[in-house]
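Participant: Please read through the structure below; I'll follow up with questions.
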Amino acid sequence: MSQRQLKTGYFFLEGLNSFASVYYQFYLYFFMQMAFGFGNKANLVLAATNGMIYMFGSFFAGRFAQRFGYFKSLKLGLAVMILGLCAGIRAGSSGGQIAVMAVIVLGMCFTWPPLEALISENEPPAGVQTMVGIYNVVWAGTGALAYFSGGAMLEKLSMKSLFYVPITVQLIQLGLTIWLERHARAGDQHPGQEPASQDARRSAVGMSTFPLNPRPIAKARTFLAMAWLANPFAYIASNTLIAVMPGVARRLGLSTMVAGFCCSIWCFARLGAFCGLWHWSGWHYRFRWLVAAYLALIATFGTLVIAPGLAALVVAQIVFGCALGLIYYSSLFYSMDLTQAKGEHGGIHEAAIGLGNFAGPAVGAAALHFLPQYANGSAWAVSGLLLLGLGGLVGVWWKGKSE
């Protein structure tokens with residue numbers, strides 16, 4: 001099996017992983033609201049817990065994947081997630097479900113860094129642009145589909161589908177991972193063909209062969225640092241939004257199914273941004289694009305959390321999704337474009353996401369706890385945190401410019 005055929009298989013793995021992960025994680029908050037009466041504050045605490053586990057777990061998992069191999073990391077992560085989901089079917093208390101979530105999120109940490117590394121290994125710089133572009137479109141597209149259809153599935157298939165659907169998907173993933181690993185290790189050694197090169201064999205089993213980046217190294221490092229700073233703040237905004245979306249839907253009188261349809265628009269906007277950024281490289285190493293996306297993120301976040309009506313919710317989501325798309329794309333592209341240790345840097349990229357997933361909901365929950373008299377206190381508190389990130393972003397750029 002050729003490298004391109006293998007990478008097609010990796011993209012299938014990625015799409016399945018995104019669908020299962022988004023379906024469980026995004027609708028867990030609706031599940032906890034309906035099953036245990038969780039409000040905005042409780043769901044924000046839950047989201048912060050999720051983010052803290054993902055932050056520390058991803059940092060370790062990236063190193064694990066780099067040291068022991070990408071396939072071993074994938075198989076371990078999928079097995080842990082499947083076991084956690086099976087336990088979730090039986091858990092009858094909120095504490096039990098929180099413990100289940102912790103296990104599932106920990107398993108998830110071992111899946112994304114190796115997937116990111118597998119798709120970009122053994123690629124020249126132009127190839128990284130293509131591979132990362134396809135990667136972003138695949139996970140964003142399948143994730144958007146999961147968010148869009150998840151509400152309807154939960155209503156029609158019962159709340160237990162929160163566990164049964166991801167279990168089914170991940171069993172398929174596990175089988176596909178084992179099959180792809182067997183072909184990757186076999187390389188191109190078929191009768192009548194030349195043996196696979198050492199570089200191809202190293203790439204197939206998860207060892208780096210990436211050529212040196214021709215871009216100025218100081219500039220590349222500055223943009224990598226900015227992207228690693230901006231991405232957690234983007235996830236501060238998005239994960240806070242996801243956690244309070246059940247409350248927003250209730251305030252606007254939306255059912256779970258309609259909420260899935262109307263509140264997933266930002267996911268499709270992010271998908272559209274990924275498609276555009278994939279085919280256009282003019283944003284590469286351009287500060288103005290990154291800072292413009294960050295400003296748009298701040299402007300639209302508050303509107304979404306306190307949306308006065310459906311029209312404002314829809315319009316703000318379009319801008320919000322496009323801003324998220326450029327910030328996330330920057331973090332992953334610069335991570336893969338600069339380094340040879342793709343598994344480890346993929347882990348840092350995911351750990352930065354976990355940091356954002358923790359910090360935003362934690363600040364929002366603290367605001368609701370200590371300032372309960374302000375109904376929109378969480379939105380203002382998180383917006384203030386985003387402004388601090390803007391200052392840091394400009395500071396990193398200015399430092400890099402002066403060096």
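The values are calculated or read from the model by the stated rules, or taken from the named source; none is laboratory data. Because the structure is predicted, anything quoted here is derived from the model rather than measured. Because the Cβ atoms are built from the backbone with ideal geometry, glycine has one as well, and the counts that use them run over all protein chains shown. All accessible areas refer to the heavy atoms of the entire protein, side chains included, with ligands and DNA or RNA removed. Shrake-Rupley method; radii C 1.70, N 1.55, O 1.52, S 1.80 Å.
Participant: Note down the relative contact order for the chain as a percent, whole number, built from C-alpha pairs under 8 angstrom at least six residues apart.
Facilitator: The value is 29 percent.
Participant: While we're looking at this one, here's another question. What fraction, in whole percent, of alpha-carbon pairs in segment 1-143 exceed 20 Å separation? Provide the component values of the computation, followed by the final result.
Facilitator: Values: 5239 of 10153 pairs.
The share of Cα pairs beyond 20 Å in segment 1-143 comes to 52 percent.
Participant: At 0.36 nm per residue, and after removing the present C-alpha to C-alpha distance, how many nm does the segment from Trp380 to Leu157 gain when stretched out fully?
Facilitator: Numbers: separation 223, 0.36 × 223 = 80.28 nm, distance 3.71 nm.
Additional length available on full extension: 76.6 nm.
Participant: Ok, one more. Quick one: net charge around Arg288, please, counting Lys, Arg +1 and Asp, Glu -1 for every other residue with C-beta under 15 Å from its C-beta.
Facilitator: The answer is +3.
Participant: Show me the helices of the chain, taken as full DSSP H stretches, that run 30 Å or more along their long axis by Cα and average 1.0 or above in Kyte-Doolittle hydropathy.
Facilitator: What comes out of the filter, once short or polar helices are dropped, is 70-90, 310-338.
Participant: Sticking with this one: Students sometimes get this wrong: rank Tyr54, Tyr235, Tyr374 by accessible area, probe 1.4 Å, all chains present, largest first.
Facilitator: Numbers: Tyr54 15, Tyr235 35, Tyr374 130 Å².
Output order, biggest surface exposure first: Tyr374, Tyr235, Tyr54.
Participant: Report, in whole Å, the centroid distance computed from the Cα atoms of segment 87-119 and segment 3-63.
Facilitator: For segment 87-119 versus segment 3-63, the Cα centre distance is 7 Å.
Participant: Given R₀ = 45 Å, what would the calculated FRET efficiency be for Thr8 paired with Gln373, taking r from the Cβ atoms and rounding to 0.05?
Facilitator: Calculated transfer efficiency: 0.25.
Participant: Just how large is the dipole of the chain about the Cα centre, in debye to the nearest 20, putting +1 at every Lys and Arg Cβ and -1 at every Asp and Glu Cβ?
Facilitator: That gives the chain a dipole magnitude of about 260 debye.
Participant: If I histogram all Cα-Cα distances within the chain using bins 20 Å wide from 0, what percent of pairs lands in each bin?
Facilitator: 28, 59, 13, 0
Participant: Would you please classify the overall shape of segment 15-54 from the alpha carbon gyration tensor, given that a ≥ b ≥ c denote the square roots of the eigenvalues, rounded means a/c under 1.5, and beyond that prolate means a/b larger than b/c while oblate covers the rest?
Facilitator: Since a/c reaches 1.5 but b/c is at least a/b, the shape of segment 15-54 is classed as oblate.
Participant: Looking at the square roots a ≥ b ≥ c of the eigenvalues of the Cα gyration tensor of segment 215-283, which shape do they give, rounded for a/c under 1.5, prolate if a/b is larger than b/c, or oblate?
Facilitator: In terms of gyration-tensor shape, oblate.
Participant: Which of the peptides 278-291, 6-19, 109-122 is most tightly packed, and how do the rest follow, judged by the mean count of other Cβ atoms within 10 Å per residue?
Facilitator: In decreasing order of mean packing, 278-291, 6-19, 109-122 become 109-122, 6-19, 278-291.
Participant: Given just the C-alpha atoms of segment 257-392, how large is their convex hull per residue in cubic angstrom? List each step's numbers first, then the result.
Facilitator: Details: hull volume 18.0 nm³, N = 136.
Once divided by residue count, the hull of segment 257-392 is 133 Å³.
Participant: What distance in nm separates the two pseudo spin-label positions at Ser93 and His183, each 7 Å out from Cα along the beta-carbon direction?
Facilitator: Here the modelled spin labels are 4.7 nm apart.
Participant: Using only DSSP helix segments of four residues or longer, with each worth -39500 (n - 2.57), what per-residue ellipticity at 222 nm results for the chain after dividing by its residue count and rounding to 500?
Facilitator: Value at 222 nm, helices only: -29000 deg cm²/dmol.
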